[in-house]
Amino acid sequence: MSSEPVVDVRDPAVLNDPKCGYDRILAESPVCWARLPNGEEGWLITRSDDVRAVLSDPAVRNDPTGLPGQGAQTQEEAFLALGTPPEHLPYLRASLLSLDGAEHTRLRRSISHAFGASRVAALRPRVQEIVDGLLDDLGAAPGTVNLIDEYAYPLAMAVVCEQVGVPEADWADWWRWGKVLVEGDPARITPTLGEMFAYCHALVDRRRAEPRDDLLSEVVAQDDLTDVDAVALVVFLVLAGHETMAHMLSNAALALMRDDAQRELLRTEPELWPAAVRELVRTDGPVQLARLRYAATDLEVGGVRISAGDAVQVVLGAANRDPAQFAHPHTADVRWQAEHGGREGSVGFGWGPHFCLGVALAKVEAEVALRSLFDRFPAVRPVAEPAWVPLPRGRHRVALEVRLR
């Protein structure tokens with residue numbers, strides 16, 4: 001594609017107000033050639049049906065190796081171009097986020113049992129215990145509290161680290177590492193990755209020598225998984241399980257603070273909380289953009305021809321607010337969600353082979369955390385109007401300072 005980009009998603013009009021920015025693109029150019037967050041050009045896909053089609057299509061790949069055009073660059077070349085040391089490449093290649101096809105399925109299957117309905121249901125009492133302890137601490141704090149740093153992050157970190165098998169003494173390191181990676185400073189990312197990989201190797205060795213009742217012990221016991229596989233899985237699970245979850249909780253909490261009617265509905269009909277979580281992930285999910293992908297063959301999306309090798313960026317947030325798909329695109333309607341059971345096809349947790357592995361656990365965490373927060377502090381409210389904080393690669397977070405009473 002040689003024409004000039006129709007839109008630039010690095011435009012402050014998009015970065016500073018992603019909901020309105022992406023919704024405008026959906027309305028005007030649902031499949032368009034764009035300047036993407038990483039600076040390269042590619043296709044931006046915003047319509048719900050198109051997003052689901054792209055995410056389900058095996059001809060749209062995470063790994064560009066061997067593709068023509070822009071995709072001619074291999075994953076290794078792309079990582080090296082970013083200054084990644086060669087010794088880090090095996091772990092990045094082995095990430096579930098980097099794999100496609102049979103190799104992705106093999107690695108995903110090795111841990112999927114840990115996120116099944118029965119295993120997750122058994123975790124609910126422990127999630128409630130962690131939540132209650134954090135709320136006790138918040139209630140004892142004078143003045144205002146930072147809901148992300150003092151509630152959402154500690155909860156998400158505790159749940160995923162306990163499940164994986166990361167000792168509590170090391171959780172602060174993971175929080176620090178996660179913040180460095182999200183902020184995207186190349187000078188800090190390389191040494192941070194080195195620390196993470198070295199730590200994970202040591203933890204794998206400890207679990208192999210002294211197995212415990214945790215997911216990592218189950219992983220290292222599988223003969224078909226290498227140490228590199230195990231390290232990549234730990235990094236993926238801990239980072240994905242706490243960073244995204246924390247912002248999911250803060251976004252949803254803020255949305256309910258702003259919506260007296262939905263909050264009152266949940267107070268009088270608490271059985272609607274599972275539906276509320278599904279709906280809030282749709283309207284206020286933490287991830288606007290899916291991972292960048294590449295077309296492996298020529299294909300057509302929304303009547304537009306995409307060539308093999310072209311970069312493809314789908315916008316989950318816009319798809320979840322598509323008026324052609326949703327009767328109430330921009331506002332949460334918990335009762336409607338409960339009555340229709342999610343038939344609309346929200347992509348808040350992704351879609352297709354890379355659908356969020358921990359979706360059942362995420363829903364339990366969100367339900368327990370949000371319900372308990374508003375039960376304990378029904379008058380919780382923001383101190384000031386929160387602001388979107390743009391982060392590298394098209395991501396955002398919300399700064400959320402609140403009063404509890």
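The values are calculated or read from the model by the stated rules, or taken from the named source; none is laboratory data. From a predicted model like this one, the values you see are computed outputs, not experimental measurements. So basically every Cβ, Gly included, is an ideal-geometry build from the backbone, and we count neighbours across all protein chains shown. Ligands, DNA and RNA are excluded from the accessible area calculation, which covers all protein heavy atoms including side chains. Shrake-Rupley method; radii C 1.70, N 1.55, O 1.52, S 1.80 Å.
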Of (1) buried (at least 17 other Cβ atoms within 10 Å of the Cβ); (2) outside any helix (DSSP H, G or I); (3) out of contact with any Leu (no Cβ under 9 Å at 6 or more places or on another chain); (4) polar (S, T, N, Q), Thr331 satisfies all except one. Which? (1)
If only one of Ala295, Ala275, Ala290, Ala332 is touching an Asp or Glu at 6+ places or on another chain (Cβ under 9 Å), of a type outside the set (D, E, K, R) and over 25 Å from Phe374 (Cα atoms), which one is it? Ala295
In segment 143-178, anything of a type in the set (Ser, Thr, Tyr) and crowded, with 21+ Cβ neighbours inside 10 Å is listed as Tyr151, Tyr153
Any chance segment 206-217 includes a residue that's in contact with a Phe, Trp or Tyr (Cβ under 8 Å, 6 or more places away or on another chain) and surrounded by fewer than 20 Cβ atoms within 10 Å (Cβ to Cβ)? no
Could you list, in sequence order, the residues of segment 337-358 that are surrounded by 15 or more Cβ atoms within 10 Å (Cβ to Cβ), part of a helix (DSSP H, G or I) and at negative phi? Gln337, Ala338, Pro353, His354
For segment 264-272, state whether one or more residues are closer than 20 Å to Arg24 by Cβ, open to solvent by 20 Å² or more (accessible area, probe 1.4 Å) and in contact (Cβ under 8 Å) with a residue 12 or more places away in the chain. no
Considering segment 359-387, residues that are buried (at least 16 other Cβ atoms within 10 Å of the Cβ) and in contact with a strand residue (DSSP E or B) (Cβ under 9 Å, 6 or more places away or on another chain), and then whichever is modelled with the lowest pLDDT, we arrive at Pro386
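Rundown of residues vs (1) closer than 23 Å to Arg106 by Cβ; (2) open to solvent by 40 Å² or more (accessible area, probe 1.4 Å); (3) touching a Cys at 6+ places or on another chain (Cβ under 9 Å); (4) not in a loop (DSSP other than H, G, I, E, B), yes/no style:
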| residue | (1), (2), (3), (4) |
| --- | --- |
| Glu129 | no, yes, no, yes |
| Val180 | no, no, no, yes |
| Leu203 | yes, no, no, yes |
| Leu225 | yes, no, no, no |
